[in-house]
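Encoded as structure tokens, the structure appears first; notes follow it.
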Amino acid sequence: MCLVERALFLSGNEAIAQGAARAGVRFACGYPGTPSTEIVETIVGLEGVHAEWCVNEKVALETAVGASLAGVRSLVTMKHVGLNVAADPFMTLSLTGVNAGLVVVSADDPGMHSSQNEQDNRTFARFAKVPMLEPSDSQEAYDYVAEAFSLSEEFDTPVLLRSTTRLSHGRGRVLRRVPVPVPERSYERDLAKYVMVPQYARRRNRLVLERLQKLRRRAEESPLNVLEAGTVDFGIVAAGIAYQYAREAFPKAWFLKLGLSYPLPFEKVARLYQSVSRVAVVEELDPFLEDQIHALGLPVVGKDVIPADGELDQETVFRALEPFLARRPPRRRRPVPPRTPLISTPPELPAGLPVRPPVLCPGCTHRSVYAALRRRKLVPLGDIGCYTLGALPPLLALDSCLCMGASIGMMSGFNQVLGRKAAAAVIGDSTFFHSGVTPLIDAHYNQSDGLVLVLDNRTTAMTGHQGHPGTGVRADRSQGPAVEVQRLCEGIGVRCTTVDANDHKALDAAIKSEVETPGLGVVVALAPCVLMVRDHAGIVTVDEERCNLCGLCLDLGCPALAPGEVAVTLTDACTGCGLCVEVCRRGALAHEPAGGGGA
Amino acid sequence: MNGTTTVSLVGVGGQGILLGAAVLAEAAMAEGLDVKASEVKGMAQRGGSVLSTVRFGRHVYSPLARHADLVFATELLEGLRGLDLLAPRGTLVSATTRILPGSVLRGEEAYPEELAAAAAARGVRLILLDAEELAREAGNLRAVNVVLLGAASLVLPFSPDAWERGLAAAVPAKILEVNRRAFALGRDVGARQEVPR
């Protein structure tokens, strides 16, 4: 034991990196952006952590989500505007929660030293209903990372760790502490938690609202939120670097120092008002805390005297608030406690009536991809489109659906952690062009293992068959140039095979071959959406003698197949795709291709 | 509420609920009424349960309502589900068409058959018709929605002229004639198909 370890002199970013290693982080990634860059740069050199630069912040977050799912604590870093790029996964990650802890570091840049705007990312914590920690010096930056991971796992939520330029690029003494014990986690399939289709997302959303109330109680109890006694009739609420400015400007004041600054601990605020009659909020940028305190019906000084733009410093804070101390204190008011928001009760389904969820159409070629993928024992990480319906019973063919284009980044992180082709990504053609190309570039660049299945049905099917760059069909239905998925992948340098999705055997063979080949590969399952194809692919017939109603074909979830009295029956919805013929082990189903004329 | 009539159209994705709602809305506008409508698209389609709501009156505020004066169902199970959407003394116009949901297809659940009894138990006026057969007679199996509109027209306060203008405005010219026949058949047969309470 090293009890008198020398203090290190670390920047906030270095401290976050060291704190992450101490918190048992095994996976870290991000996209460089001032003032966040040095976190990943520092982590790269630390033992036991795999660190990556990603192609952008959205892909970085999705990759970290994959790593968290695979069971390791994961850290993602970006500058404030980077969270705009990552907002899509961030907002829905709040609903799914995490497996192992996941912390997003947003380094804001008040004063725009090196940025195009100075947006206040504290709003993102409120927007996504996730907890936020705001360290005020390097030691806290180091310490809070472990706290953030512990909150993430306890409350099943991503946590926002917010820094600003002066914290990230300021330096201070840091005493290292003993590593925290991290519980072992492995991936557990949980479709209702990770597949955010409406019926599951509505339930998760109610859990998020409940979680926020529990987090508020935690913020009330947390030692990170401290009421510091003063000797004058003046109290200041502050978090992050602004606390340091205010503390230096008013050493005799009372302070409510917020480390876990969202959700705001209302009772602690009220307690400050019991001790003093004059209260100010010192915060950079938006009146984030001030507005919430105003909402309690309490008189507070803030953005009326402190600039709402740029950086603060102790002199600015002192000059702004000093006249306030000379004034007569405002009349004391009792705080109006905020009401707990009501959470809707889910509508009761009419009793005893079978529900009718949307399903993959009869003859839909996505079904044959799922049938082939099922044989390969990979964790199928999904995306957004018609094929997301494959996650519902009876197929249960996808383990996740986070946001557009998330599947490939998640697969990359998942496989990086497990060091093998454990997960596959399933993504539609339109979604691939929307945001699947950048994570493919990323997975290639970071040399992730994996299998990407592009379900290319030549349209944006779910929303009503709109065109996309892969088809070249434009909004006015005119034909523009089309981008080929195969050539695009090869241009990146990724192995790619295109197969006819109606050719079940070829599809199965292509997937099998890809699974057995090390490295990253793409299989494009190509066939136009069955709704755009009027002609039947053939005729399927049932041999009632041979069918024993084993249910293998029924497990495909095809609406054209039903169990009859002695054998399965086919309804006239059948398109003759023949997939059921492929899965039948008794030869009870026969397929005659259209125009084939064969026996 | 406030003199506004609410019609909810329920069925299975792909049955032409949206077109039915469009004809109804156009007919209401032809009567000089204010109309608002609300539909759910996207994930709700693809063979799942769908619901569209059309509201009309002198002035309509909300485009949706918890309860409807008339529920119009292109499928029997959806009609049964639609009973919960009906206001007291409401009317249900339902097709006898059965489209089996996945759980029934897989034999996990039985297809419920008790629509007439359930409607009677709630004091609901029920018009039940074999809309598929009538659509076939009219010349297009997909005209089930308009057959039902014909039957529903019996309980809605629109003139024949308003319905004609509604059809002409909402139905593509190519299939307008078939749909005119489907509407007329639905209106004729619907008048004789009221299930006694």
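When the residues of segment B:23-78 are filtered to those that are among the charged types (D, E, K, R) and touching a Pro at 6+ places or on another chain (Cβ under 6 Å), which remaining residue is farthest from B:V124 (Cα to Cα)? Step through it out loud before you land on a result.
Taking segment B:23-78 as the starting set, the residues that turn out to be among the charged types (D, E, K, R) are B:26, B:31, B:34, B:36, B:39, B:41, B:46, B:55, B:58, B:66, B:69, B:75, B:78.
From what is left, the residues that are touching a Pro at 6+ places or on another chain (Cβ under 6 Å) are B:36, B:46.
Numbers: B:K36: 25, B:R46: 30 Å.
Result: B:R46.
For residues that are surrounded by fewer than 23 Cβ atoms within 10 Å (Cβ to Cβ) and not in a loop (DSSP other than H, G, I, E, B), scanning just segment A:436-474, find the one that is farthest from the other protein chains (Cβ to nearest Cβ).
Selected residue: A:Y445.
In segment A:399-435, how many are of a type outside the set (K, R), within 21 Å of A:A28 (Cα to Cα) and in a loop (DSSP other than H, G, I, E, B)?
Residues flagged as of a type outside the set (K, R), within 21 Å of A:A28 (Cα to Cα) and in a loop (DSSP other than H, G, I, E, B) within segment A:399-435 amount to 5.
Table: residues versus (1) buried (at least 19 other Cβ atoms within 10 Å of the Cβ); (2) under 30 Å from A:P158 (Cβ atoms); (3) not acidic (D, E).
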position	(1), (2), (3)
A:F250	yes, no, yes
A:Y262	yes, yes, yes
A:V279	yes, no, yes
A:P299	no, no, yes
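Hey, does segment A:176-196 have a residue that's within 14 Å of chain B (Cβ to nearest Cβ), at pLDDT 95 or above, in contact with a helix residue (DSSP H, G or I) (Cβ under 9 Å, 6 or more places away or on another chain) and not in a helix (DSSP H, G or I)?
Within segment A:176-196, one or more residues are within 14 Å of chain B (Cβ to nearest Cβ), at pLDDT 95 or above, in contact with a helix residue (DSSP H, G or I) (Cβ under 9 Å, 6 or more places away or on another chain) and not in a helix (DSSP H, G or I).
Check B:S62 against each of (1) within 14 Å of chain A (Cβ to nearest Cβ); (2) more than 11 Å from the chain's Cα centre (by Cα); (3) modelled with pLDDT of 95 or more and name the one condition it does not meet.
In the conditions (1) within 14 Å of chain A (Cβ to nearest Cβ); (2) more than 11 Å from the chain's Cα centre (by Cα); (3) modelled with pLDDT of 95 or more, B:S62 misses (1) alone.
Looking at A:P263, is it in contact (Cβ under 8 Å) with a residue 60 or more places away in the chain and touching a strand residue (DSSP E or B) at 6+ places or on another chain (Cβ under 9 Å)?
Values: in contact (Cβ under 8 Å) with a residue 60 or more places away in the chain: yes; touching a strand residue (DSSP E or B) at 6+ places or on another chain (Cβ under 9 Å): yes.
Against the criterion (in contact (Cβ under 8 Å) with a residue 60 or more places away in the chain and touching a strand residue (DSSP E or B) at 6+ places or on another chain (Cβ under 9 Å)), A:P263 qualifies.
Of the residues in segment B:30-59, how many are in a strand (DSSP E or B) and more than 10 Å from chain A (Cβ to nearest Cβ)? First the steps, then the outcome.
Filtering segment B:30-59 down to residues in a strand (DSSP E or B) leaves B:34-39, B:49-57.
Keeping just the survivors that are more than 10 Å from chain A (Cβ to nearest Cβ) gives B:34-39, B:51-57.
Qualifying residue count, segment B:30-59: 13.
Please specify each residue of segment A:543-560 satisfying the condition of being farther than 20 Å from A:L453 by Cβ and either surrounded by 20 or more Cβ atoms within 10 Å (Cβ to Cβ) or among the small types (G, A, S) (or both).
A:C547, A:G551, A:C553, A:L554, A:P559, A:A560
Condition check: touching a helix residue (DSSP H, G or I) at 6+ places or on another chain (Cβ under 6 Å) and buried (at least 24 other Cβ atoms within 10 Å of the Cβ). Does A:A60 satisfy that?
no
Name the residue, out of A:L321, A:L325, that is among the aliphatic types (A, V, I, L, M), surrounded by 14 or more Cβ atoms within 10 Å (Cβ to Cβ) and out of contact with any strand residue (DSSP E or B) (no Cβ under 7 Å at 6 or more places or on another chain).
Testing whether each residue is among the aliphatic types (A, V, I, L, M), surrounded by 14 or more Cβ atoms within 10 Å (Cβ to Cβ) and out of contact with any strand residue (DSSP E or B) (no Cβ under 7 Å at 6 or more places or on another chain) leaves just A:L325.
For segment A:250-297, give me each residue that is in a loop (DSSP other than H, G, I, E, B) and over 36 Å from the mean Cα position of the chain (by Cα).
A:F250, A:P251, A:K252, A:A253, A:V276, A:S277, A:R278
What residue, of A:L161, A:L151, is touching a Pro at 6+ places or on another chain (Cβ under 7 Å) and outside any loop (DSSP other than H, G, I, E, B)?
Just one listed residue meets the conditions, A:L151.
Only one of these is under 26 Å from B:Y111 (Cα atoms), free of Cβ contacts under 8 Å to residues at least 40 places away in the same chain and of a type in the set (S, T, Y): A:T541, A:T517, A:T575, A:T569. Name it.
Selected residue: A:T569, the only one of A:T541, A:T517, A:T575, A:T569 that is under 26 Å from B:Y111 (Cα atoms), free of Cβ contacts under 8 Å to residues at least 40 places away in the same chain and of a type in the set (S, T, Y).
For residues in segment A:357-383 being within 14 Å of another protein chain (Cβ to nearest Cβ) and not in a loop (DSSP other than H, G, I, E, B), which is nearest to A:L531 (Cα to Cα)?
Checked segment A:357-383; the qualifying residue nearest to A:L531 (Cα to Cα) is A:H366.
Filter segment A:279-318 down to the residues that are of a type outside the set (A, V, I, L, M, F, W, C), more than 28 Å from A:R166 (Cα to Cα) and touching a strand residue (DSSP E or B) at 6+ places or on another chain (Cβ under 8 Å) and list them by number.
Correct list: A:P299 only.
Name the residue, out of A:G48, A:G24, A:G82, A:G33, that is among the small types (G, A, S), within 21 Å of A:G111 (Cβ to Cβ) and in a loop (DSSP other than H, G, I, E, B).
On the way: A:G48 fails: within 21 Å of A:G111 (Cβ to Cβ); A:G24 fails: within 21 Å of A:G111 (Cβ to Cβ); A:G82 fails: in a loop (DSSP other than H, G, I, E, B).
Criteria check complete, one pass: A:G33.
Looking at segment B:129-141 only, could you name the residues that are away from chain A (no Cβ under 13 Å) and touching a helix residue (DSSP H, G or I) at 6+ places or on another chain (Cβ under 7 Å)?
Residues satisfying the conditions are B:L129, B:A131, B:L134, B:A135, B:E137, B:A138, B:G139, B:N140.
Can you say whether A:V85 is without any contact (Cβ under 8 Å) to a residue 60 or more places away in the chain, more than 24 Å from A:L209 (Cα to Cα) and among the β-branched types (V, I, T), as far as the supplied structure shows?
Answer is yes for this residue.
Would you mention how many residues in segment B:67-118 are more than 10 Å from chain A (Cβ to nearest Cβ) and in a loop (DSSP other than H, G, I, E, B)?
Selection size over segment B:67-118: 6.
The values are calculated or read from the model by the stated rules, or taken from the named source; none is laboratory data. Nothing here was measured: the structure is a model prediction, and the numbers come from that model. Counting neighbours? That spans all protein chains shown, and the Cβs are built from the backbone with ideal geometry, glycine included.
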